[in-house]
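*Asks:* Submitted below is the structure of interest, expressed as structure tokens.
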There are 2 protein chains.
Amino acid sequence: MENLRIPGPTPCPPEVLQAMTKQMINHRGAEFSAMLNSVTAELKTFFQTKNDVLCLTGSGTGGMEAAIVNMLSPGDKVLSVSCGVFGDRFADIARMFGADVTSVKFDQGIVCDPAAVKQALQKDAKIKAVLLTHNETSTGVTNDLGTLAKIVKDAGKLLIVDCVSSLGSIDCPVDKWGLDVAITGSQKGWMAPPGLAMVSVSEAAWKAHAAAKMPKIYWDFTRAKKNLEKGQTPWTPAIPVAYALNVSLKMMQKEGMQNIFARHARLADMTRKGVKTMGLKLVVHDEKYASNTVTAVWPPEGVNPDNLRKTMRDKYQVVLTGGQGVLEGKIFRFGHLGMCDEHDIQGALDALRKSLPEHGYNPK
Amino acid sequence: MENLRIPGPTPCPPEVLQAMTKQMINHRGAEFSAMLNSVTAELKTFFQTKNDVLCLTGSGTGGMEAAIVNMLSPGDKVLSVSCGVFGDRFADIARMFGADVTSVKFDQGIVCDPAAVKQALQKDAKIKAVLLTHNETSTGVTNDLGTLAKIVKDAGKLLIVDCVSSLGSIDCPVDKWGLDVAITGSQKGWMAPPGLAMVSVSEAAWKAHAAAKMPKIYWDFTRAKKNLEKGQTPWTPAIPVAYALNVSLKMMQKEGMQNIFARHARLADMTRKGVKTMGLKLVVHDEKYASNTVTAVWPPEGVNPDNLRKTMRDKYQVVLTGGQGVLEGKIFRFGHLGMCDEHDIQGALDALRKSLPEHGYNPK
């Protein structure tokens, strides 16, 4: 079987796949309500929040668009803090819907600098909201969200965070850090297939929502919340993904949140050590900020990372992913989130070690 | 097992449910591309179109929002023709995103009158696009889309049609009728779970899209088309639903489109005859326009339809659905689309016949 080591969709445990063989049910009936209520409660424990958590049918990007259109009005001043493709995408969405976006950008592999964020906020008192990325999937960088969030909240701004590839895998205490909207997707650390975006909404976020004028119907948080009060979703949800998530969340509860975080830290460390041992370099500059869910790697000089991945896939059934944006064709990335263990990582590293010589590089 | 007789989600064949136990794959890889290309080609045969067909992760309402934001600019004059909740929803979406909407509305159970549409178009030459519903799921009325479409196209207007509960079940020749955008959802006649909206886009629609200024990123047809050229979707798709649809479409091809339409006609006829035999009345006024996918029924005087449904569900495991909008608490509805046969309909009718006396009505 394939060793799918991309940062989402992640492999699902057999029990989770099996859960999807359950027949369809009425999404306005009692059985669905009980399931949605249970999923929502379990999500809250992993979000470490008492805020509302809403399940929307869509991808992580759909969740990001939902966050923007529910929080902002055209013309609102927004600070975007980006260190990669997903940070840039967040800013693009805000801009598309008419926000007045100021961008603070950091080069690929560089972590977002809290001092620069502080400075940008001091420079323009009219900024209403800040868009942050917890874990930048395109470069394997985890921002110091606790510190960044404190700066944003101390400045009294609304804080909207892309936690798509961190929540559930990396410690991300939504309430403690004061994240007003935190977004994730079912196909990341949650060990479920893609199809649902999950977002938490704080009291301050609900206040902002009440004033927000960007157009929305499908993503409307008010409709989602009103329906959730009846154990429903406003529109027909991706039922199989809800079945899957309902099972995977129970598996996650059983493993325990701290154990899950520790496992991700261990596997990430193993991945980094493995590639460095072969003489390869990480994309992240300061390893202190290396992500525990995705590791981005520079290939050896002269090696085409996409050809290298092809060898790994064709010969060893190990599937990595490539670079995005300016890093397309330049790097390769390991996903080590969700269902993943030492055996998976060792297999992926072995495949890399065996494939490199075919591309003219002999690993140390 | 439950006899799920609601107009979506519809029950899935065992092979379709089983298809979802397949492990996740890279949605940027060759295997996914081959599947998406195959699904897209099969959809085109059932849409009876050479237009582009795009698969979007979302519900049918998501597909409707996608159609609006991709075709229109704020301020555009739009004619909405509605005979129920879904027609009204389409107008609401257009209005929310800034279209200047004129509504032609028909009472619950009444079909949209082509003459009224013609008149409305003659009255205002500035109308750019017309929103129609092929099959109004809330009342069980199928509009004469062929005639309506001819009027709209003869007037040179863009034609955007909610075919959510008709396409794949009722004859809906997209190209012959000149539908510029036709929208459906995986959980209707397609025998797959909810999670994907499928939309066709004509040449004229692409021209309108190029000029359309409503904000969009997640639903952007240009991104969807560019990605489809690589056998991909712009955002991580609901992979299990794609697995399911890939299998259900092959089952549909095997049954044959005309056979599927004939089966739906037969089962709808059986449902209508069955309820009328019991002395109950259909919501549709002129049975010529009765839907072949959903039948809406008035309960006998004094019978609460929601309590009646509860008896049918609790005692006989037959799940019907209730009314929506102004018909909430007033009617009940049978879904007979997708995976459905005579046995299912007979079971549902038997349960109705046995349940009515408990609510004080003795069927004829």
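Every number in this text was worked out from the coordinates using simple rules, so none of it is lab data. Nothing here was measured: the structure is a model prediction, and the numbers come from that model. Heads up, the Cβs are rebuilt from the backbone with ideal geometry, glycines too, and the neighbour counts pull from every protein chain shown.
*Asks:* Pull out all pairs, ordered by first then second residue, where Cβ-Cβ is under 6 Å, the residues are six or more apart or on different chains, the first lies in the stretch A:244-265 and is closer than 19 Å to B:M20 by Cα, and the second is surrounded by fewer than 15 Cβ atoms within 10 Å (Cβ to Cβ).
*Replies:* The qualifying pairs are A:V247/A:E15.
*Asks:* Any idea which of B:T21, B:T57 is among the β-branched types (V, I, T), within 12 Å of another protein chain (Cβ to nearest Cβ) and farther than 30 Å from B:A210 by Cβ?
*Replies:* B:T21
*Asks:* Let me ask you something else. Taking the stretch B:94-110, which residues are closer than 22 Å to B:A149 by Cβ, assigned to a loop (DSSP other than H, G, I, E, B) and within 14 Å of another protein chain (Cβ to nearest Cβ)?
*Replies:* Answer for the stretch B:94-110, where residues must be closer than 22 Å to B:A149 by Cβ, assigned to a loop (DSSP other than H, G, I, E, B) and within 14 Å of another protein chain (Cβ to nearest Cβ): just B:A99.
*Asks:* Identify all residues within the stretch A:1-14 that are within 24 Å of B:S186 (Cα to Cα) and surrounded by fewer than 19 Cβ atoms within 10 Å (Cβ to Cβ); write none if there are none.
*Replies:* none
*Asks:* Could you list, in sequence order, the residues of the stretch B:227-250 that are among the hydrophobic types (A, V, I, L, M, F, W, C) and exposed (fewer than 14 other Cβ atoms within 10 Å of the Cβ)? I'd like the intermediate steps shown before the answer.
*Replies:* Within the stretch B:227-250, the first condition is being among the hydrophobic types (A, V, I, L, M, F, W, C), and the residues that meet it are B:228, B:235, B:238-239, B:241-242, B:244-245, B:247, B:249.
Matches in the stretch B:227-250: none.
*Asks:* Of (1) assigned to a loop (DSSP other than H, G, I, E, B); (2) in contact with a Gly (Cβ under 7 Å, 6 or more places away or on another chain); (3) not polar (S, T, N, Q), A:Y361 satisfies all except one. Which?
*Replies:* A:Y361 satisfies every listed condition except (2).
*Asks:* Residues of the stretch B:211-248 being under 19 Å from B:G58 (Cα atoms), away from every other protein chain (no Cβ under 14 Å) and of a type in the set (A, V, I, L, M), which ones?
*Replies:* B:L228
*Asks:* Now for a different question. Go through (1) surrounded by 24 or more Cβ atoms within 10 Å (Cβ to Cβ); (2) assigned to a helix (DSSP H, G or I) for A:L308 and report which single condition fails.
*Replies:* Answer for A:L308: the failing condition is (1).
*Asks:* Say whether the condition of being under 30 Å from A:N227 (Cα atoms) and in contact (Cβ under 8 Å) with a residue 12 or more places away in the chain is met by at least one residue in the stretch A:101-115.
*Replies:* Narrowing the stretch A:101-115 to residues under 30 Å from A:N227 (Cα atoms): none.
Looking for residues that are under 30 Å from A:N227 (Cα atoms) and in contact (Cβ under 8 Å) with a residue 12 or more places away in the chain, one finds none in the stretch A:101-115, hence no.
*Asks:* Among the listed residues B:K77, B:K118, B:K128, identify the single one that is more than 28 Å from B:P215 (Cβ to Cβ), charged (D, E, K, R) and over 20 Å from the mean Cα position of the chain (by Cα). Step through it out loud before you land on a result.
*Replies:* On the way: B:K77 fails: more than 28 Å from B:P215 (Cβ to Cβ); B:K128 fails: more than 28 Å from B:P215 (Cβ to Cβ).
Only one candidate qualifies: B:K118.
*Asks:* Which members of the stretch B:1-18 meet the condition of being in contact with a Lys or Arg (Cβ under 7 Å, 6 or more places away or on another chain) and facing chain A (nearest Cβ under 7 Å)? Talk me through it step by step, then tell me what you get.
*Replies:* Taking the stretch B:1-18 as the starting set, the residues that turn out to be in contact with a Lys or Arg (Cβ under 7 Å, 6 or more places away or on another chain) are B:7-8, B:10.
Answer for the stretch B:1-18, where residues must be in contact with a Lys or Arg (Cβ under 7 Å, 6 or more places away or on another chain) and facing chain A (nearest Cβ under 7 Å): B:G8, B:T10.
*Asks:* Would you say A:A268 is part of a helix (DSSP H, G or I), within 14 Å of chain B (Cβ to nearest Cβ) and under 19 Å from the mean Cα position of the chain (by Cα)?
*Replies:* On the way: part of a helix (DSSP H, G or I): yes; within 14 Å of chain B (Cβ to nearest Cβ): no; under 19 Å from the mean Cα position of the chain (by Cα): yes.
No; evaluated as a whole, the condition is false for this residue.
*Asks:* Follow-up. Check A:T45 against each of (1) more than 9 Å from chain B (Cβ to nearest Cβ); (2) surrounded by 24 or more Cβ atoms within 10 Å (Cβ to Cβ) and name the one condition it does not meet.
*Replies:* Every listed condition holds for A:T45 apart from (2).
*Asks:* Would you pick out the residues in the stretch A:332-344 that are surrounded by fewer than 24 Cβ atoms within 10 Å (Cβ to Cβ) and either more than 22 Å from A:K273 (Cβ to Cβ) or of a type in the set (A, V, I, L, M) (or both)?
*Replies:* Our first condition is that a residue be surrounded by fewer than 24 Cβ atoms within 10 Å (Cβ to Cβ); within the stretch A:332-344, this holds for A:339, A:341-344.
The answer is A:M339, and nothing else.
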